[in-house]
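The structure appears below as structure tokens.
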Amino acid sequence: MRILAALAFLLVAATAPAGVVPGDQAPDFTLTDTAGQTHTLSALLADGKTVVLEWFNPDCPFIVKHHKTFKTMNETFAAVQDQGVVWLAVNSNAAGKQGAGLERNQKAVTEYAMPFPLLMDVDGSVGKAYGARTTPHMFVISAKGTVAYAGAIDDDRSADTLGRQNYVAAALSELLAGQPVTTPETKPYGCSVKYAD
Amino acid sequence: MRFRPSFLAPVLMFAIAACGGGDKQPAATATPAGAPAAVAVRAQLAAPDPGTVTVAWTFDLADGWHLYGAGLNDSGYPPSVALTLPDGWRAGPLRWPVPERYLMPGDILDHVYHHRLVLLQDLLPPDGVRPEVATALGARLRWLACRQECVPGQAELTVTIPGRDQALPTAVADLPPFPQPLPAGLVAARRSGATVSIEVADARALRFFPDPDSGPFTDLATDGEAAGSLLELRLREVDGRLGPVRGLLQVEQADGTRLTGPFAYDDPDPNHPGG
């Protein structure tokens with residue numbers, strides 16, 4: 001039991017909590033994607049959707065790892081997309097910083113063959129509301145609107161090797177089966193989100 | 001030549017010939033054709049005693065770039081060194097110099113090194129004495145260098161340790177500050193609820209650099225540095241428990257000198273059994 005407790009601390013060790021932690025109500029937002037479509041969290045939840053948020057920067061090596069070298073995000077979404085799951089990538093990087101800008105992100109959607117929308121959080125307010133710190137930083141929101149998982153996509157913090165455990169896939173599997181999420185929080189890894197100065 | 005953002009920087013391969021004797025320390029720097037300029041790696045050798053060879057893995061960084069410390073960070077990952085040792089040789093752990101706090105917009109906090117990072121590692125020869133003949137060992141260094149963008153890199157080095165008849169310097173020159181034990185009685189610490197208070201009389205400033213397994217904390221971006229003699233670290237409960245406070249404590253004294261040494265406070269709090 002003590003070992004499990006110690007492991008729990010190691011998984012979530014962080015300099016600060018996320019803006020939201022598992023169990024919190026997910027902050028509502030409306031953002032526009034790279035194709036000009038708006039997406040409102042509360043509307044998706046009203047439709048009974050489970051929502052995955054992925055913080056994104058097309059030029060971050062860790063995003064390249066999971067979108068290009070490996071198709072982690074696309075494959076994780078593909079496994080659940082017919083089960084009422086909506087996946088939204090969100091870019092909170094400020095204008096002039098790496099990976100920012102509509103044109104670059106429109107190109108990224110094509111380059112990475114992203115099967116889900118990429119939302120532009122130009123002023124970073126949604127990222128800060130969630131406490132998004134890295135790209136990627138993952139949040140799974142239950143259909144009830146609470147944060148069911150927050151943290152890393154997997155357990156390999158390098159920029160070039162795939163982890164053995166996909167935390168988001170595990171959380172989605174349990175959530176969709178009506179079970180408690182065994183690991184609701186891990187420490188995210190990746191590039192820092194490039195918020196405005 | 002600029003560091004081009006790419007998934008994986010090219011592997012740099014070069015050999016370090018450790019020339020014993022003389023005043024000049026064995027060292028080599030290499031930036032092969034096509035290699036990025038953000039990070040150049042080199043190694044220096046020293047022999048503090050006949051039974052130990054100390055290698056200083058040195059990363060020289062271009063302006064604006066940083067590498068990550070081994071402690072708790074919000075982003076990035078620290079450099080690593082994977083050794084291929086000859087039979088019978090053993091290697092000690094990497095020893096890290098004192099990092100600096102690097103706070104970014106959004107209260108994203110990392111502990112990093114700018115300009116230069118030197119990692120010390122002791123190599124222990126078989127039978128406790130350096131062999132008569134030169135010995136070569138291989139090392140793969142991996143890192144993530146960041147400024148606005150982040151670029152992973154790696155280099156493969158071959159380090160040749162000269163035979164025992166060739167002298168090595170007794171110490172690596174020009175080292176940055178490394179942690180040293182803080183003077184006994186300098187620091188007073190107590191826990192009240194979820195807050196650990198650290199007090200050092202007459203300090204001008206206090207800073208805490210957490211270990212990876214420390215915390216989690218409520219807001220280390222705010223709490224991890226304080227002007228004056230009192231630093232208060234608020235811990236965040238997970239499953240009704242509080243994690244340990246472990247890492248480095250830096251004491252900036254009234255005259256501006258800095259003492260940095262290991263600090264740990266993980267006594268259980270009566271309000272949080274098992275913490």
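Here are a few things to note about the model shown:
- Look at region A:137-162: where a residue is aromatic (F, W, Y) and a partner is part of a loop (DSSP other than H, G, I, E, B), sitting 6+ places away or on another chain with Cβ atoms under 6 Å, you get A:Y149/A:V181; A:Y149/A:P184.
- Residue count for region A:100-121, restricted to those that are in contact with a Leu (Cβ under 9 Å, 6 or more places away or on another chain) and away from chain B (no Cβ under 14 Å): 8
- Here region B:39-69 is the region considered, the condition is being part of a loop (DSSP other than H, G, I, E, B) and buried (at least 19 other Cβ atoms within 10 Å of the Cβ), and the residue that is modelled with the lowest pLDDT is B:W65.
- Where A:F70 falls short, out of the listed (1) within 14 Å of chain B (Cβ to nearest Cβ); (2) crowded, with 21+ Cβ neighbours inside 10 Å: (2)
- When residues of region B:194-204 are limited to those that are touching a Leu at 6+ places or on another chain (Cβ under 8 Å) and not aliphatic (A, V, I, L, M), the one nearest to the other protein chains (Cβ to nearest Cβ): B:T195
- Just so you know, in region A:76-99 the residues that are closer than 26 Å to B:E149 by Cβ and more than 10 Å from every other protein chain (Cβ to nearest Cβ) include one that is surrounded by the fewest Cβ atoms within 10 Å (Cβ to Cβ), and it is A:A95.
- Check on B:G106, buried (at least 16 other Cβ atoms within 10 Å of the Cβ), free of Cβ contacts under 8 Å to residues at least 24 places away in the same chain and within 14 Å of chain A (Cβ to nearest Cβ): yes
- Residue check for B:V133: β-branched (V, I, T) and closer than 28 Å to B:A62 by Cα: no
- Residue in region B:70-102 that is farthest from the chain's Cα centre (by Cα), counting only those that are polar (S, T, N, Q) and part of a strand (DSSP E or B): B:T84
- Within region B:146-188, the set of residues being at pLDDT 90 or above, over 21 Å from B:L119 (Cα atoms) and of a type in the set (G, A, S) comprises B:G163, B:A184, B:G185, B:A188.
- Region A:123-165, residues that are within 14 Å of another protein chain (Cβ to nearest Cβ), among the hydrophobic types (A, V, I, L, M, F, W, C) and farther than 16 Å from A:T76 by Cα: A:V126, A:A129, A:A132, A:A159
- Any hit, region A:105-124, residues being within 17 Å of A:V168 (Cβ to Cβ) and touching a Gly at 6+ places or on another chain (Cβ under 7 Å): no
- Positions within region B:160-189 being hydrophobic (A, V, I, L, M, F, W, C) and farther than 30 Å from B:T135 by Cα, in sequence order: B:L182, B:A184, B:L186, B:V187, B:A188, B:A189
- Of all residues assigned to region B:147-163, at least one qualifies as being among the small types (G, A, S) and in a strand (DSSP E or B).
- Subset of region B:218-247 (residues that are over 13 Å from B:A203 (Cα atoms), within 14 Å of chain A (Cβ to nearest Cβ) and in a strand (DSSP E or B)): B:L233, B:R234, B:L235, B:V238, B:R241, B:V245, B:R246, B:G247
- Residue count for region B:189-204, restricted to those that are surrounded by fewer than 16 Cβ atoms within 10 Å (Cβ to Cβ) and part of a loop (DSSP other than H, G, I, E, B): 3.
- Restricting attention to region B:166-210, the residues that are in contact with a Gly (Cβ under 8 Å, 6 or more places away or on another chain) and either farther than 30 Å from B:G240 by Cβ or among the acidic types (D, E) (or both) total 10.
- Top-ranked residue of region B:205-217 - restricted to ones that are touching a Lys or Arg at 6+ places or on another chain (Cβ under 8 Å) and crowded, with 18+ Cβ neighbours inside 10 Å, ranked as farthest from the other protein chains (Cβ to nearest Cβ): B:R207
- Hey, B:T29 at pLDDT 50 or above and either surrounded by fewer than 21 Cβ atoms within 10 Å (Cβ to Cβ) or in a strand (DSSP E or B) (or both) or not: no
- Single residue of B:L182, B:L175, B:L72, B:L186 found to be in contact (Cβ under 8 Å) with a residue 60 or more places away in the chain and surrounded by 20 or more Cβ atoms within 10 Å (Cβ to Cβ): B:L72
- Residue count for region B:97-148, restricted to those that are over 26 Å from B:L249 (Cα atoms) and in contact with a helix residue (DSSP H, G or I) (Cβ under 9 Å, 6 or more places away or on another chain): 0.
The values are calculated or read from the model by the stated rules, or taken from the named source; none is laboratory data. Computed from a prediction, not measured in an experiment: that's the story for all the values here. Quick reminder, even Gly has a Cβ in these numbers, built from the backbone with ideal geometry, and neighbours come from all protein chains shown.
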